[in-house]
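The values are calculated or read from the model by the stated rules, or taken from the named source; none is laboratory data. For clarity, every value in this text was computed on a predicted model and none was experimentally measured. For neighbour counting, all protein chains shown are included, and Cβ atoms are generated from backbone atoms with ideal geometry for every residue, glycine included.
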Amino acid sequence: MANSRSELGTIIRGVARDPLGLSGLIIVGMIVLSALLASWITPYDPVAINIKDRMQGPSLTHLLGTDQLGRDTFSRVIMGGQVALKVALPAVFGAMAIGLTLGMLAGYGPKWLDNFLILIFDTIRSFPTVMFALAVVALVGPSLQTVVFVVMATSIPTYGRVARTQTLTLRNSEFILAERSMGASMARILGVHMLPNIIGVLAVLAAMDIPTVIALEAGLSFLGLGVKPPTPSWGALLKDGYALIRQTPWLVVGGGLPIIFATLGFTFLGESLRDVIDPKLRKNR
Amino acid sequence: MTETLLEIDNLSVVYETSRGDLKALRDITFDIRRGEIVGIVGESGCGKSTLISSILRLTAPNMRFRNGEVRFKGDNLLMASNRQMRDLRGSDISIVFQDPMQTHNPVISIGQQMVDIQHRSSASVREKRARAAKMLGFVGIPDPEARLNQFPHEFSGGMRQRIAIAMALMSEPDLLIADEPTTALDATLEVQIIERLQELQREMHCAILFISHHLGVIAELCDRVVVMYAGAVVESGDVREIFHNPKHPYTRRLIECDPGHFKERARVLPTIPGEVPDLADLPGGCIFRDRCDRAMPRCASDVPPLETLKEGHRAACWLNHEEVPA
Amino acid sequence: MLKYAVKRFALAALILFVAVTAMFLMIRAVPGDPVQIMLGPRATPELQAALTAKLALDQPIWKQLLIFYGNMLQGDLGIDVFSERPVTEIVFQQLPHTLQLIFAAILWSALLGIGLGAYAAAHPNTLIDRFAAALSVSFVAAPAFVVALLSLLVFAVQLKWFPAIGVGEGLGDKLYHLVLPAFAIGLSWVGYIARLVRASMLEVMGENHIRTARAFGLSENRIVMVYALRIAILPVVTVIGVGIGFLLSAAVFAEIVFARPGLGKLVIDSITTRNYPIVMGSVLVSTALFVVSTAIADLVNAWLDPRARDSV
């Protein structure tokens, strides 16, 4: 069994050597760091209302200006990063865990289970994502948990199908056949042997998925159907900015740019990870 | 005296790589006359592919012509424009490639492809299709008119190779290049294809440059043969003369190691020991020296020239100079 | 080909069937009395009873399901509680606006994307190729609705080059109003399609059958445009089919941002008024649209690539 810690080190070094991967690492690192330290580094309280300072443009005291309730935009942007990750990370890891399990079951288990799970995957995928999210929100009401749930549910098929394909491929490989002939149980085979091989591919998927998830949360918040105010989400910033777009355009910029940065960062990271983990795909870059 | 169709004259070709120049072809000289079948024998890496690319001028970006000429009907092809080369390809010079499974476009019907390659003709599409069907019939494809609408994956490997031959001969070329056309097929198919090729050649009188490492086929099909090793011609001449009386150690070893040659059962199959030299880092002297069982001191220092020993029989080996002291 | 078409549409029908069932069960799974939720606190008992009967909520679940399927197959998606008009009518009235937007976005992004990708493949590793590659990655990164908002801010509000809201009257004006929204939702696709086509073309151009085509003296034009592109484009066809689903989602945002009528606006408005029949109807129609478009994409793929006809 490969030493996973040194393998992780090799992967990270490989990513860092690629300029695109390095920028991705830096951007993601910055976002994660600011999200972790958000409560300490925001210059103002992100939810503190201060009517007399409302709708001011960017200045030295308020780097990105203030919104219609006098809240400091910059602070809200930083806190928004924390909110974004609070939604994205559980959703993605949850989807990955569930998708991985279902996918391995589909690939390794009996044919009827496979057919059934594929049908489920394809059905979920046949709903246009936002429409599905809107339908759920309509029924259950907007909240952070709803967003996490919806985002997770729509992502499961992605991981599921990839895990299934990998499992199917590995199923007939020699070392798996050897294990089976020695009587290893399905749980052992799946957990100890298949898993490490599949995780790499899924990690790449996750990195590429996080931006989608962040965008979905922001989108729902923008529509007023995501996290509830006054929680600062990048999408909520966009919502406030849009409502008064002529008077407070900086809100739109403040909400939009972080999303673009986050998306770029995670996408670069994901692409670089993919090139490192599977050099075969490199030729089509 | 039949006129010369293709003359390769001192052709030297290299590939520019980060490790330096890969000297893929060095002073290659031989010729093909009209209606003649010339075979090229050699193992992988001997330069056959580079030779074909040079004749057709379908070159890789890092290929460089360092020396020599490729004369077709008297004109040096290396000096020809892209337009002129394009006019030759598929009309005066045709080629059948080695791998029948990948040689046709998978999403266009066979009929359409055979019509496309007649793009120089001013005949109507119907006439072109009729001609295509006729050619398919010549190579032994049953029910050709119907099969024109089918796609490559609906044909077996052997049939695809026949289609490739049909396509190559459709324009009645002066020269057909056959690059190991039967290597990817099993023995029975090989026999059928070779026989068909012989029939067609007798009818059309085209010259054939037949590349193979299957000595039996070469002996059966070709009039003359050129033996290549690691980018150089080591022996050439009449096919019967070469096989009965090889004048180069490499040729001799090839014949001895050929399975078709064995007169008695052997417990251990004979091989030629050693490996093909690195083309970017050539040893001095004779190219075959390292693997030759009769190498002399002179072989390490001087490159033996390709010289005519008898009428039409040439070889590049110092052993043929035995009587002359170094 | 026909056999494949039948099989493919059968699969689409199956998926749609499962999706509709899932949708139906989701609605019924919500805690609380749907009638009360829909009508709100102002509901009189008579109104509640009437609606309960209309939605057949007093019947056992499986019967409701059957009634639902029956209605659906007849094109009846229910009645809008507030306007008393059939949901089908309301939804299909808004659908064309969304379709126009999606179509415009696909058209420009596919054309530009294929052109860029083919050009990059024909001139690999030049400055333009690398520049286009960097641009592609960046474009793919920005989510559609963020691009929509930013382009609204820059091109409509600040620069005033394009109108900020509405659909416009008359063909020319309508096209003028389409530019920004179609640009916004198509932008990420240009990059994606360009990279796909480039990778695909490079792979195809390296294959042996292209060498054969050259060996027979076919013109480079014909080789690239017909022999290579026909194969290289196949992944794009599938991608566009899947893209319709993505574009539907993006169109929702574009309609809100640019205040355009369409399915998106309909759904959002209906959510706020808790008008469930409309929400469900819209979701069902958009899902059906997506399922059909992927099926059509697969059919086009099979038409272009005969090798695909043997698999479903």
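Taking segment B:156-181 as the range and being part of a loop (DSSP other than H, G, I, E, B), closer than 25 Å to residue B:43 by Cβ and not charged (D, E, K, R) as the test, only B:181 passes.
Within segment A:212-269, being in contact with a helix residue (DSSP H, G or I) (Cβ under 7 Å, 6 or more places away or on another chain) and β-branched (Val, Ile, Thr) holds for A:213, A:214, A:227, A:231, A:245, A:248, A:252, A:259, A:260, A:263, A:267.
Residues of segment C:113-142 that are more than 14 Å from chain A (Cβ to nearest Cβ), buried (at least 17 other Cβ atoms within 10 Å of the Cβ) and either outside any helix (DSSP H, G or I) or among the aliphatic types (A, V, I, L, M) (or both): C:114, C:116, C:118.
Screening residue B:116 with (1) buried (at least 19 other Cβ atoms within 10 Å of the Cβ); (2) in contact (Cβ under 8 Å) with a residue 12 or more places away in the chain gives one miss only, at (2). Only one residue in A:124, A:120 is within 10 Å of another protein chain (Cβ to nearest Cβ) and crowded, with 19+ Cβ neighbours inside 10 Å, so which one is that? Only one candidate passes the filter, namely A:124. Looking only at segment C:87-112, which residues are surrounded by fewer than 17 Cβ atoms within 10 Å (Cβ to Cβ) and closer than 29 Å to residue C:269 by Cα? Of everything in segment C:87-112, those that are surrounded by fewer than 17 Cβ atoms within 10 Å (Cβ to Cβ) and closer than 29 Å to residue C:269 by Cα turn out to be C:89, C:92, C:93, C:96, C:99, C:103, C:107. Note on segment C:236-250: among residues that are over 30 Å from residue B:113 (Cβ atoms) and not small (Gly, Ala, Ser), the one that is nearest to the other protein chains (Cβ to nearest Cβ) is C:248. The residue that is nearest to residue B:31 (Cα to Cα), counting only those in segment B:86-99 that are modelled with pLDDT of 90 or more and more than 8 Å from chain C (Cβ to nearest Cβ), is B:93.
The residues in segment B:169-188 that are out of contact with any strand residue (DSSP E or B) (no Cβ under 7 Å at 6 or more places or on another chain) and buried (at least 21 other Cβ atoms within 10 Å of the Cβ) can be counted, and the count is 2.
No other residue among A:153, A:206, A:236 is away from chain C (no Cβ under 14 Å) and of a type outside the set (Val, Ile, Thr) apart from A:206. Among the residues of segment C:251-262, write down those that are assigned to a helix (DSSP H, G or I) and more than 8 Å from chain A (Cβ to nearest Cβ). Listed by number, the residues that qualify are C:251, C:254, C:255. Checked against (1) over 20 Å from residue A:163 (Cα atoms); (2) away from every other protein chain (no Cβ under 13 Å); (3) at pLDDT below 85, residue A:250 meets all criteria but (2). The sole residue among A:198, A:210 that is touching a Phe, Trp or Tyr at 6+ places or on another chain (Cβ under 8 Å) and either surrounded by 21 or more Cβ atoms within 10 Å (Cβ to Cβ) or without any contact (Cβ under 8 Å) to a residue 12 or more places away in the chain (or both) is A:210.
Of everything in segment A:27-46 that's assigned to a helix (DSSP H, G or I) and over 17 Å from the mean Cα position of the chain (by Cα), which residue is nearest to residue A:88 (Cα to Cα)?
A:38
A single entry from C:77, C:57, C:66 fulfils the requirement of being modelled with pLDDT under 70 and either assigned to a loop (DSSP other than H, G, I, E, B) or under 19 Å from residue C:281 (Cβ atoms) (or both): C:57. Filtering segment A:47-74 to residues that are under 28 Å from the mean Cα position of the chain (by Cα) and charged (D, E, K, R) leaves A:67, A:71, A:72.
Regarding residue A:245, is this residue in contact with a Gly (Cβ under 8 Å, 6 or more places away or on another chain) and hydrophobic (A, V, I, L, M, F, W, C)?
For residue A:245, the condition - in contact with a Gly (Cβ under 8 Å, 6 or more places away or on another chain) and hydrophobic (A, V, I, L, M, F, W, C) - is not met.
Taking into account only those residues within segment C:214-235 that are among the small types (Gly, Ala, Ser) and farther than 28 Å from residue C:298 by Cα, which is farthest from the other protein chains (Cβ to nearest Cβ)?
Filtering segment C:214-235 for residues among the small types (Gly, Ala, Ser) gives C:215, C:217, C:219, C:228, C:232.
From the residues that got through so far, the ones that are farther than 28 Å from residue C:298 by Cα too are C:215, C:217, C:219.
Numbers: C:215: 5, C:217: 4, C:219: 7 Å.
The residue in question is C:219.
Looking across segment A:127-136, the residues that are touching a Leu at 6+ places or on another chain (Cβ under 9 Å) and within 7 Å of chain C (Cβ to nearest Cβ) come down to A:128, A:129, A:130, A:131, A:134. The condition of being under 30 Å from residue A:136 (Cβ atoms) and either away from every other protein chain (no Cβ under 14 Å) or modelled with pLDDT under 80 (or both) holds for only one of A:211, A:230, A:196, that being A:230. The residue that is modelled with the lowest pLDDT, among those in segment C:28-38 that are buried (at least 16 other Cβ atoms within 10 Å of the Cβ) and in contact with a helix residue (DSSP H, G or I) (Cβ under 6 Å, 6 or more places away or on another chain), is C:38. If you go through segment B:45-64 and pick out every residue that is more than 20 Å from residue B:179 (Cβ to Cβ) and touching a residue at least 24 places away in the same chain (Cβ under 8 Å), you end up with 2. Looking only at residues of segment C:190-208 that are in contact with a Phe, Trp or Tyr (Cβ under 8 Å, 6 or more places away or on another chain) and buried (at least 23 other Cβ atoms within 10 Å of the Cβ), we find that the one that is farthest from the other protein chains (Cβ to nearest Cβ) is C:190.
May I ask you to verify whether residue A:259 is within 11 Å of chain C (Cβ to nearest Cβ), out of contact with any strand residue (DSSP E or B) (no Cβ under 9 Å at 6 or more places or on another chain), buried (at least 19 other Cβ atoms within 10 Å of the Cβ) and not in a helix (DSSP H, G or I)?
No; evaluated as a whole, the condition is false for this residue.
With B:43, B:3 as the choices, which residue is more than 22 Å from residue B:288 (Cα to Cα) and not aliphatic (A, V, I, L, M)?
B:3
Looking at segment B:252-265, is at least one residue among the basic types (Lys, Arg) and either under 21 Å from residue B:182 (Cβ atoms) or assigned to a helix (DSSP H, G or I) (or both)? Yes, segment B:252-265 has at least one match.
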